[in-house]
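Every number in this text was worked out from the coordinates using simple rules, so none of it is lab data. Predicted, not measured: the structure shown is a model, and the values here were computed from it. Because the Cβ atoms are built from the backbone with ideal geometry, glycine has one as well, and the counts that use them run over all protein chains shown.
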Amino acid sequence: MIDDKEMIEIIRKRVTYFWENKIKIHTTLKTNKWYNGIISDVSDEFFILEDFKEGEIVIFFIEIFPNGINEYREEGVDGN
C-alpha cells in the first residue's frame with residue numbers, strides 16, 4: 001500500500017505537470033471542498049491556485065484526496 005509521503009510526491013508531480021503545461025484543473029480536498037482554476041506557482045509543500053470564483057488560494061499537497069486533482073472539463077465540451 002502507498003503511504004502519505006509517496007502519495008504527496010505523486011500529487012506534486014501531477015500539479016507540476018498541470019502547472020508547466022498551463023492546464024486548468026479541478027481539485028477535491030479531504031475536507032470535501034473543491035476548486036477549479038489554473039495553477040500560478042508550485043513549491044515543495046503547496047501550490048497556489050487561481051480559482052475561477054474565489055481568486056488566489058494556497059493548497060497544501062497533503063490536503064488533496066488521492067486522485068483528487070484532474071484536468072478541468074467544462075460542461076458541454078468534448079461531449080460531456
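Points to keep in mind about this one:
- Summing Cβ point charges (Lys, Arg +1; Asp, Glu -1) relative to the Cα centre of the chain gives a dipole of roughly 140 debye.
- Residues MET7, MET1, arranged from fewest to most other Cβ atoms within 10 angstrom of their Cβ, appear as MET1, MET7.
- With neighbour counts taken as other beta-carbon atoms within 10 Å, the residues LEU29, LEU49 rank, fewest first, as LEU29, LEU49.
- Principal-axis analysis of the Cα atoms of the chain puts helix 4-20 at an angle of about 40° to the longest axis.
- Cα-based shape type of the stretch 4-71, given that a ≥ b ≥ c are square roots of the gyration tensor eigenvalues and the cut on a/c is 1.5: oblate
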